[in-house]
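Report on one structure; see the data block that follows.
Values in this text are rule-based calculations from the coordinates and carry no lab data. The structure displayed is predicted, hence computed values, not measured ones. Here the Cβ is made from the backbone with ideal geometry for all residues, glycine too, and neighbour counts use every protein chain on show.
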Amino acid sequence: MKLLHRHIFASVALTSLAAVGVLTFIMVLGNFLRDLLASVLAGQLAPEIFVHLLGLTVQFVICYTLPMGILTGVLLVLGRMSADREITAIRSAGVSIAGISAPIFFFALLGTGVSLAVNFYYMPRAKVAYEQEFADAVRANPLNFITPKTFIRNFPDKVIFVGENKDLKLKDVWVWELDKQSRAKVVYHAERADLGFDEKTNSLQLIGYNVTVESRDNKDPENFGGEGKGFGHFGVFSQTLSLDKISGVPTHKIKTQWLTLSQLLAERQRLMKPDPNVSLVERDRQRIRVQTVIQEKTATAFSVLSFALIAIPLGIKVSRKETSANLGIALALAMAYYFSTVVVGWFDNKPDFRPDLLMWIPNISFQMLGAWLFYKADRG
């Protein structure tokens, strides 16, 4: 029996860790393309800073990939064992589903502990360090942020394209001003432009020369024949490009999700005390938000157990050896879980609905479904 448990534990552990690695790589790559690619191309990030930022990214994306990775690992291992008739042979030897599942639940408990540590300590510290280090890198060399032949979408309500940037002398400069639906309402084109940095306002100053301006209908910018359409020509025209969204402002505010457990508990304790400057209603709203973050992080960690409970009977019953099929099942289950947490998050600003307690609904639902499937598999 011990040999069987070691075999199952080792198989699930190795497969789950491999799945976590693959999922983490995918999420880190997505984060790199979204946040770091433009800065790397602009030469703003030194190699050592870039590597450090990627390392920090791993620490805060693993809180999402760890539950999904363990779910995938359990499905893959049990699906293969079931397809190869190993489960049938083990059960014919008198071993129950519970006996087969014991090492998997032990591994899931270890994963829950690791997930709690990541959610409440490593992820918050890594996220704060990432944001601060990235902001410092941008502020240290803000003029290099304009990368030639690249659509720059980091500025609020603007898209920038520069054909050439040579010693801060720009050529073929395009600026699209966007509405709330990301539609271009005004288009600027300058044959050349000068680029400067205003440290007081933390913004880039773009001064264009020989500028053509095209304005479109504010109500329907995509209607090129609309009433608001017009053209203009200016010898000199200036644009202010705020870097606050990219580099952060000096008084950078840490989000509640980025607080460690001790900081969250201290913040909740502070909000429970009377404050003449904050109304009781507002303090209750902020306190519930802090409690919701605590419960969300805890529930996400315990989702490892929920996923294991539902993956064991599914892996045995589905009996699929194909990796793609099991990965599809794992992805569908994970998407269903995280979508339900998003739905619960809609009540974040409604303290009367107790969103902090609602955060446990996805876990309880998955555990109930898993227990039912487990019962059916054990009797089948």
Which one of VAL40, ASN154, TYR130 is farthest out on the positive end of the charge dipole of the chain, using unit charges on Cβ (Lys, Arg +1; Asp, Glu -1) and the Cα centre as origin? TYR130
Under a GNM of the chain (C-alpha, springs under 10 Å), which listed residue has the highest mean-square fluctuation: TRP346, TRP258, TRP360? TRP346
Across SER365, SER115, SER279, the residue with the highest GNM fluctuation in the chain (Cα network, 10 Å cutoff) is SER279
Ranking request for peptides 59-70, 264-275: highest mean number of other beta-carbon atoms within 10 Å first, then the rest in descending order. 59-70, 264-275
Bin width 10 Å, alpha-carbon pairs only: give the P(r) of segment 155-245 as whole percents, running from 0 to the bin holding the largest distance. 17, 45, 31, 7, 0
In square nanometres and to one decimal, what's the mean projected area of the convex hull around the Cα atoms of segment 330-369? 2.8 nm²
Taking the Cα centre of the chain as origin and charging only Cβ (+1 Lys, Arg; -1 Asp, Glu), how large is the dipole, in debye to the nearest 20? 1300 debye
How many angstrom lie between the C-alpha centres of segment 102-132 and segment 56-75? 9 Å
Using θ = phi - 60° and Karplus 6.51 cos²θ - 1.76 cosθ + 1.60, couplings along segment 88-94 (whole Hz; Gly, Pro as x): 4, 5, 5, 5, 5, 8, x
